[in-house]
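Written out below as structure tokens is the structure these notes cover.
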Amino acid sequence: MNSTTSIVAILLAGILTNNMVLSKFLGICPFLGVSKKVNTALSMSIAVTLVMVIATAVTWPIYTYLLYPNFTYLQTVVFILVIAAIVQLIEVFLKKFIKPIYNALGIYLPLITTNCAVLGITMLNITDGLNFGLSLVNALSAGLGFMLAMILFAGVRSKLETADIPEFLKGLPITLIAAALVALSFLGFAGIGG
Amino acid sequence: MKSKNLSILTNGIIKENPVLRLVLGTCPTLAVTTAAINGIGMGVAATIVLVCSNLVISLLRNFIPDKVRIPAFITIIAGFVSVVQMLVKAFTPAIDESLGIFLPLIVVNCIILARAEMFASKNPVLPSILDGLGMGIGFTATLTLMGAIRELLGAGTLFGLTITAEFIDPMIIFLLPPGGFFVFGILVAVSNALAKKQGKPVVEHLGCANCPSRAACKNAVTDGAPQECEKVGGSDE
């Protein structure tokens, strides 16, 4: 397969057609929780993208060279521990060396350990049989897709603040229905890139 | 004593239903409920993990140092998830197929970590098992209900049996992601309405009070960030 085409196809799929949040239902908690304002949504999704790419860079070699083919049943345990360790390390590293980024993203990092989008993407890379390079591209595109969904949804939610909402839908129900409409709009991308 | 145990068991089923009242575990709730049978499969798998991890964590609660408790809990949970994953793969491959990646993702299901943190790490063995069982039944029941609604509207069937498909055209949109969000929204609205009738608080945000990451989140609020925790932290910039 032509590698440039497959990179473009993976990017398009991750961002639009197979969007992490809106079509695979991974990372719903931050999607509903941290999307009240556009700037917090942006910081959270940058942190998620960063962790996704680094986690993939670490878990892919571990699976391919250590776990495969005899210890594949350890995948779940090993991946979640590696991700937890990576998140801690990133936090310590940023705190020590790159203070401004730590101040902007640090608070979101502890929330990412138990984020199913991160564990999900590292596992999907293995299930889909992608090579190392394409796995990284896939992680990046999933992160960017997450970012797009978060920012769009944060925009929709800021409009909801002033909208006249029926009493029984106030709060979480209207948020979910708004998410349904955003997901509906993403259905329009189905078919792009085959 | 007996009635106290009974109330721990029923607590998770209705009063603190993990999906509709605590709003935990939203990812699998939305993703696997395209058919009622998937809801049961996911629910039972999560219940087994929940009961086993609550049991072990409750037994070890005096030995796990406070500082590393979250990684320790995650490791215990991941161990049981692997066991359940292998069992499901071996005995019900069809369920394994339809749950896909969400089966191993039980490991990051907030319900399980939240119950470990909020309940099992503070309570003796028997109540912890009952709590896990109650929460598991509540999770299973809600997922099955939601799966049944989506299956009936989206495919006109129920547990694979044709119900309305012959005389009403199924609305496929209910099987697609938007339908998942929509049905979940309506279910939360109904549960809120019922809660209000009984004078209980309605659910406005995600289950922050029960979020396993709350400790980290509280610090965050003082720095003026994630707003979903404003109910707990109290400050809104």
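The values are calculated or read from the model by the stated rules, or taken from the named source; none is laboratory data. Quick caveat: nothing in here was measured; it's all calculated off a predicted structure. Note: ideal-geometry Cβ built from the backbone for every residue, glycine included; neighbour counts use all protein chains shown. For the accessible areas, the whole protein counts, side chains as well, though only heavy atoms, and no ligand, DNA or RNA atoms are used. Shrake-Rupley method; radii C 1.70, N 1.55, O 1.52, S 1.80 Å.
Observations on the model:
- Derived scalar couplings ³J(HN,Hα) [region B:71-78; Karplus, 6.51 cos²θ - 1.76 cosθ + 1.60; whole Hz; x for Gly, Pro]: x, 4, 4, 4, 5, 4, 4, 4
- In this view, the solvent-accessible surface of A:Ser3, computed with a 1.4 Å probe and all protein chains in place, comes to about 70 Å².
- Secondary-structure-derived ellipticity at 222 nm for chain A, considering helices only, amounts to -22000 deg cm²/dmol, per-run term -39500 (n - 2.57) for DSSP H runs with n ≥ 4.
- 222 nm mean residue ellipticity, helices alone, for chain B (DSSP H n ≥ 4; -39,500 (n - 2.57); rounded to 500): -19000 deg cm²/dmol
- Rel. contact order, % - alpha carbon contacts under 8 angstrom, at least six apart, region A:3-191: 43
- Neighbour net charge for A:Leu89 - beta-carbon separation under 12 angstrom, K R +1, D E -1: +1
- FRET efficiency, 1/(1 + (r/R0)^6) with R0 51 Å, evaluated for A:Val92 and B:Thr162 via beta carbons: 0.30
- If R0 is taken as 41 Å, the Cβ-Cβ distance between A:Lys170 and B:Ile173 corresponds to a FRET efficiency of 0.95.
- Per residue of A:26-32, other chain Cβ atoms within 10 Å of the residue Cβ number 6 on average.
- Annotation for region B:1-82: chymotrypsin sites (Phe, Trp or Tyr not before Pro) lying in DSSP loop with at most 12 further Cβ atoms inside 10 Å of their Cβ are B:Phe63.
- Label separation (A:Leu160 vs A:Leu42): 2.1 nm, computed from points 7 Å beyond Cα along the C-beta direction.
- Cα-based shape type of region A:1-130, given that a ≥ b ≥ c are square roots of the gyration tensor eigenvalues and the cut on a/c is 1.5: oblate
- Prolate/oblate/rounded call for region B:1-120, Cα gyration tensor, a/c under 1.5 rounded: oblate
- A:Thr4/B:Phe91 FRET efficiency (R0 35 Å; Cβ-Cβ; nearest 0.05): 0.20
- Relative frequency of Cα-Cα separations exceeding 27 Å in chain B, percent: 39
- The stretch between B:Ala193 and B:Asn62, if pulled fully straight at 0.36 nm per residue, gains 43.1 nm over its current Cα-Cα span.
- Cross-link pairs exceeding 32 Å in C-alpha to C-alpha distance, out of A:Lys96/A:Lys159; A:Lys159/B:Lys197; B:Lys89/B:Lys200, comprise A:Lys96/A:Lys159; B:Lys89/B:Lys200.
- For B:Leu158, distant residues with modelled amide H under 5 Å away: B:Ile163
- Cα pair distances of the protein assembly as shown binned at 10 Å [whole percent]: 5, 21, 34, 28, 11, 2, 0
- Solvent exposure, largest accessible area first (probe 1.4 Å, DNA, RNA and ligands not counted), of A:Thr76, B:Thr10: B:Thr10, A:Thr76
- Karplus-derived 3J(HN,Hα), 6.51/-1.76/1.60, for each residue of region B:46-60, Hz, glycine and proline x: 5, 5, 4, 4, 4, 5, 5, 5, 4, 4, 5, 5, 5, 5, 8
- Ranking B:Met146, B:Met171 by solvent-accessible area of protein heavy atoms (1.4 Å probe, all protein chains present), from largest to smallest, gives B:Met171, B:Met146.
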